[in-house]
1. Residue 68 fails exactly one of the following numbered conditions: (1) in contact (Cβ under 8 Å) with a residue 40 or more places away in the chain; (2) away from the ligand (no atom under 16 Å from the Cβ); (3) touching a strand residue (DSSP E or B) at 6+ places or on another chain (Cβ under 9 Å). What is the number of that condition?
2. Does residue 58 satisfy the condition of being surrounded by fewer than 14 Cβ atoms within 10 Å (Cβ to Cβ), within 22 Å of residue 21 (Cβ to Cβ) and not assigned by TED's automatic domain parsing to the domain that holds residue 188?
3. Condition first: within 24 Å of residue 75 (Cα to Cα) and assigned to a loop (DSSP other than H, G, I, E, B). Now tell me which residues in segment 20-44 satisfy that.
4. Which ones in segment 86-107 are crowded, with 19+ Cβ neighbours inside 10 Å, within 15 Å of the chain's Cα centre (by Cα) and not in a loop (DSSP other than H, G, I, E, B)?
5. Of the residues 126, 168, 195, which single one is in contact with a strand residue (DSSP E or B) (Cβ under 7 Å, 6 or more places away or on another chain), away from the ligand (no atom under 16 Å from the Cβ) and at negative phi?
6. What's the number of the only condition in (1) touching a strand residue (DSSP E or B) at 6+ places or on another chain (Cβ under 6 Å); (2) modelled with pLDDT under 95 that residue 87 fails to meet?
7. Is it the case, given these coordinates, that residue 204 is touching a strand residue (DSSP E or B) at 6+ places or on another chain (Cβ under 6 Å) and more than 17 Å from residue 5 (Cβ to Cβ)?
8. How do the pairs read when you match residues in segment 135-157 that are closer than 30 Å to residue 106 by Cβ with residues anywhere that are more than 9 Å from the ligand (Cβ to nearest atom) and in a loop (DSSP other than H, G, I, E, B), using Cβ under 6 Å and keeping only pairs 6 or more apart or on different chains?
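The values are calculated or read from the model by the stated rules, or taken from the named source; none is laboratory data. None of these values were measured; they are calculated from a predicted model. Don't worry about glycine lacking a Cβ; one is built from the backbone with ideal geometry, like all the others, and counts go over all protein chains shown.
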Ligand SMILES: [Zn+2]
């Protein structure tokens, strides 16, 4: 029986590197994986999944209205023995696409492995992640440490920085980097205690600005 897997974690937890390694291993065995990636912006490179470590694999880019199920069914009808579907940035899938992945597993008997973020910079589930927590069979947390110096806890949240300070307002699908660059928004992954500390500080500052 095939399964729908969700491997989730914060940014910088090497999820993409794992996906690329998975794809590589299937290919080495002479099998055919289908790596896919939801398209969220025009900035990221098209047709390729690239990890920070430099490893990459070609992929199928899918827009929000793209029928992943139809694509996989078509490949199978062409006689392709698909080993699995690998999804990067699975948090950006629509609920309907997650449902299609579930049907790929159940009707077409192809395993699907999704890698993605659990929550956005406000600590809320993404649409795709919510769907996966509802519909997947297997879950694995890809762990990484809180990046606050000296902290020994597991990172749970992606804190967005703007002008060098944590921010909790804005668009949740903004794709960013964990690289610190001046004038640019970036993310720092933190444990729950440090995330809440940042949030409280942000709220305090906002209140004092209003006064
Ligand atoms: Zn911490």
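1. (1)
2. Taking the combined requirement at face value, the residue satisfies it.
3. Within segment 20-44, the first condition is being within 24 Å of residue 75 (Cα to Cα), and the residues that meet it are 20-39.
Correct list: 29, 30, 31, 39.
4. The answer is 86, 87, 90, 91, 92, 97, 98.
5. 126
6. (2)
7. Answer is no for this residue.
8. Note: pairs meeting the criteria are 137/3; 138/3; 142/13.
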